[in-house]
Structure formats: structure tokens, C-alpha cells
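The values are calculated or read from the model by the stated rules, or taken from the named source; none is laboratory data. All values derive from a computational prediction rather than experimental measurement. With ideal geometry, Cβ positions are generated from the backbone for all residues, glycine too; neighbour counts draw on all protein chains shown. All accessible areas refer to the heavy atoms of the entire protein, side chains included, with ligands and DNA or RNA removed. Shrake-Rupley method; radii C 1.70, N 1.55, O 1.52, S 1.80 Å.
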Amino acid sequence: MIKKDTHWGYIFVFALYSMGVLLLLVNGFSRLNSEAKDRENWVSQQMTDAVSEIQHFYASKLSPSIPITDCDRFLRDSMPLLLSSPYIRSINAVHGGVIVCSTISRQTLRQIKNWKASGKQLELLYVTQTPFSELFPTHRQGVLSLRFQKTEFYGVYVGIYPESVFRTLGDPRFLKTVMRFDNATFYSDGRIVDEQNSLPAEHLFSVDSDISTTAFAKYIFYNYGVLLIAWTFIMLMSAKSLVRYLHTFSLDYWRIRKAIKLNQFHPYIQPVVNDCGEVTGGEVLVRWIHPKKGVISPADFIDRVEENGQIVEITSILMQKCLLAFSKVNLPEARQYFRVGFNVCPIQFDSNTLCQEIEHFQSAMADKPISLLIEVTERKEFSSNETYRKAIHELRSRDVLVALDDFGTGHCSLKYLHDTEIDIIKIDMMYVATIESGNTKILDNIISLARSLDVILLAEGVETQAQFDYLKARNIERYQGYMFGKPLPIDEFIQKYLM
């Protein structure tokens, strides 16, 4: 028995939704990380260029003046760099721990607190307090000090505005860019943390990014918020459809696919008789002959194959097998005609396959009194009235009789009757069964409707004499049911009824 189970379908849809969100988050993180790297490289290059400019200027203009012998000349030599670089706050000549000449205090001596020789020729440090801090009340008290040490006691200290570093670090909205020096860390949100950092050899600073969860969430919402909302809306709106689609192509689909490949679908035929009990035709019914499960009723798989389109292949198989069997039969001369009926559903009219199969069948049976009856099932509805009209017109143009199967149990029976000419109405066994209970109002109305439209009636599911007598009294033309014969494999049917 093939059962529908939507539980795993919804799990799959949720997994699909989660995968979409995950891909969005991964893409967002990758993009943010790429932007962070680009920002880091840009900030690092800006700082490197600024330091390189100072180094070049020091080597060519200032280093020859050390130790200081002429402060005024040192100051004149320093002015081009001081005026051209937005980074530089001051340029100072240092002897030991004393500033002996400065672009701020000129020749006024200033003591550097806690000064000691480091032994390095070049270093970049953050100094929390300088001898000039009181002169810049609107600026930070600290300063970055780029120190060129020419000898153990003589050197040039270039003061760099911390604000210029923060401007270079950029907007902290999503990315917190971090610049690390030997003794301090600068964050793009304006914080300076005094801490010892381990920098790569011969590096004055390093640049990296601090991406917090909150910052990442803000970045995703700002850049992907609309896409995330749209994806959520699409998945909510399409969840049920996706579940139905996934259900259509579930494990059962592949089982049926395998059965088709292994030729496990076979035609059974149930006889159709006239009011005298003479066999005038038969309805082809599919049976799935499984090697282990035996005969599987179409009730267990027909809905599924109509949903996923496998019914097209199955119908084609049935027609081919019927054609092969009937081609070997020489009907008695007394039999003027035999009408074989095939069930088709609306989906089968979406391609030319059915019409090609009909044309092939009619061509092969041209020299035999065997004709086709196409029974349009009502389990599924046609996509539009125009599609239905075109389908019926195509059948009738090929001299194929058209019947409405299981009339009154499915979609739009009255609409189908109104839009086109139908040759036969098949009364569903559900209405035939009401004869036993005496509640035959719907059955009688169907009979009355058919008479007003001059349409042949075929009663399905006739199982008792009482049912047959009731229907015969109302001039029903054709009958089908276990009272006249059960469905048989096609070869047995031919042997019993047509030989």
C-alpha cells in the first residue's frame, strides 16, 4: 500500500529553508570578511605610506642634523614634513630623556618622563602623557611616538595624532578595525587599550579586524535583510506546494519507475455488455504484478502516477500490450464490433504522446472491428476549459468515442457536459449501489440528464440482479460489473470472450 506521508516533506522543506539561510549567512560572512581584509590592507598601506614618508624625510633631511647644533635650522628642515602630513603633531630632537629642540616648544627644554634607552633604532609607541599634553586640551593627552634613535642618546621623536589613526581605521558600524602597536591597541570605535602586543619581527604595527556577533547580525540585516525576508516569505507561501511536489517524487516514484523499467504493469480487461448480456467491449484496467507482493491494485498507486506524470508511460505500455494481443486475434464474423476503453486523465493531454498512441492503435486495428473508447477520469481537473475543449475535439476528430468516467464523483462533470459533446456517461458504482437502499434520486437524475442530452449510459459496478433489473427498466444501454465478469488478464479475456 502506497501511503502519503508529509512529515518528512516538511522536514525537507525546513532543511531547504535552513540551507538557503545558511548560504546567505555564509555569503554574508564571506563578503564581510573580504571587506574586512580589504579594509585591513588599505589601513595598513595608509599607515605604511605615512611611516615611510617620515622615514625617508628623516633619513634625507633630519638625520644629518643630529646631534643638534642649530635648533633653528632643524626646525626649518622639519617644516615641510610637518605641514604636508596630516598625521604629524610634532617633530622633536631628543638628547637622552630631554627634548632639546621641538616644533612645539622650539629650544625650551622638556623632560620626558620615564625615558630609557631601548636599544632599537626605530620603534612606534603610544605615549599616554607627553611634555606637551597640557598644550593640546582639545586633543587626546596621549600621542603615537615614532622614534628614530641615531645613537644611544641622540634621536628624533615624531609625534603622530591618535585622531589621524582613528580616521584611517574608518567607520566602525559593522567592522571594528584594530591597529596594534608594541604597547597599545587602537580600535576603530575610538578606544585605546594599553597592552603589550607581540608583533611580527621588524613590524612597527599590525592591522586586523574584530567582527562581533552583533556586528555580523547588523551587517546581515542591513545588506541581506530584504533577501532574507523574501526567502522566508517564498518558503512559507510555497511550503505546501513543495511538500506535495516532494511527495509526488518520493520513494514510491522510484519504485514505480523501476516497475515500469521491469515491465511489471499489465492490462486486465473487464467486459462491458448490452442489455442482453452480450459482450460489446471491455475496459482496460492496469495491474501492477510485483514479483513478491503479487497483484497490486491500482487504488494503491493510480493517484500517485497521475500526479507525477508516470501515468503517461503506463498508459502507453497498456496500449502497446493490448495492441500486440489484439493483433493476434481473428474475431468471429458474427461480431460486428468490439470497443476497448482506456482510462486517461487530464495530464495526458499536455503532450502529443496520447494522440500518437491512439493514431498508432487505430492504424494497426484498421482491418479489425475493434475501436477505441477514451474514458476521461474525473480524479484530476483540466488546467483550463480551453485545454479540455481542445482535448475532446482532438479525440472526436480521430473518430474516437469519449466517455466521462465515474460521472458525478470528481471534478466538473456538468461543466464537461456543457462545453463539449460526450458520447457516453459512465454511472459510478456508488450511485448504482443506491438501488439496494431505494435512495435513487441522484441516480435517476443522472439518467434523466443523459436522456435529455441524448447520451449513452453505461452503469458500472452492477453486482446484483436487482440492480440490473432496475437499470434495464430505465433503458440503460451498457453494463459493467462483477455480475457479468471480473477483470481478467488480457490473454484470458480474449480466450474467454473473443474466441
Rounded accessible area per residue of the chain, 1.4 Å, Å² | 53
Cα-based shape type of the range 32-79, given that a ≥ b ≥ c are square roots of the gyration tensor eigenvalues and the cut on a/c is 1.5 | prolate
Taking the Cα centre of the chain as origin, work out the dipole magnitude from +1 charges on Lys and Arg Cβ and -1 charges on Asp and Glu Cβ, in debye rounded to 20.
-> 1820
The chain: translational diffusion in µm²/s, Stokes-Einstein, Kirkwood Rh over Cα pairs, 10 °C, 1.306 mPa s = 51
In terms of the alpha carbon gyration tensor, root eigenvalues a ≥ b ≥ c, rounded if a/c is under 1.5 and otherwise prolate when a/b exceeds b/c or oblate, the range 251-318 is prolate
Given backbone amide H placed at 1.01 Å from N, residues whose amide H is under 5 Å from that of Arg110, ignoring those fewer than 5 places away on the same chain, are Ile99
Quick shape check on the range 340-499: root eigenvalues a ≥ b ≥ c of the Cα gyration tensor, a/c under 1.5 is rounded, otherwise prolate if a/b tops b/c, else oblate, and it reads oblate
Which of the GluC sites (Glu not before Pro) across the range 303-345 are loop residues per DSSP, with 15 or fewer other Cβ within 10 Å?
-> Glu333
Quick one: what are the phi-derived ³J(HN,Hα) couplings along the range 22-34, Karplus 6.51/-1.76/1.60 with θ = phi - 60°, whole Hz, x for glycine and proline?
-> 4, 4, 5, 5, 5, 5, x, 5, 4, 5, 5, 5, 5
Highest-first arrangement of 338-346, 469-477, where packing means the average Cβ count within 10 Å | 338-346, 469-477
Estimated D of the range 88-215 in µm² per second, where Rh is the Kirkwood radius over Cα pairs and Stokes-Einstein applies at 10 °C, 1.306 mPa s = 102
Relative to the longest principal axis of the C-alpha atoms of the chain, give the angle of the C-alpha long axis of helix 441-453, reported between 0 and 90° and rounded to the nearest 10°.
-> 80
Let me see the pair-distance distribution of the range 1-114: every alpha carbon pair, 5 Å bin width, integer percents in order.
-> 2, 9, 12, 12, 9, 7, 5, 5, 5, 5, 4, 4, 4, 4, 3, 3, 2, 2, 1, 1, 0
Roughly what % antiparallel, to the nearest 5, for the DSSP beta bridges in the chain?
-> 70
Compute the acute angle (0 to 90°) between the alpha-carbon long axis of helix 251-261 and the principal axis of greatest extent of the alpha-carbon atoms of the chain; round to the nearest 10°.
-> 50
First compute the accessible area of the range 189-244 with a 1.4 Å probe, then give the percent of it belonging to carbon and sulfur atoms.
-> 64
Mind ranking 290-300, 157-167, 256-266 by how tightly packed they are, going by the mean number of other C-beta atoms within 10 angstrom, highest first?
-> 157-167, 256-266, 290-300
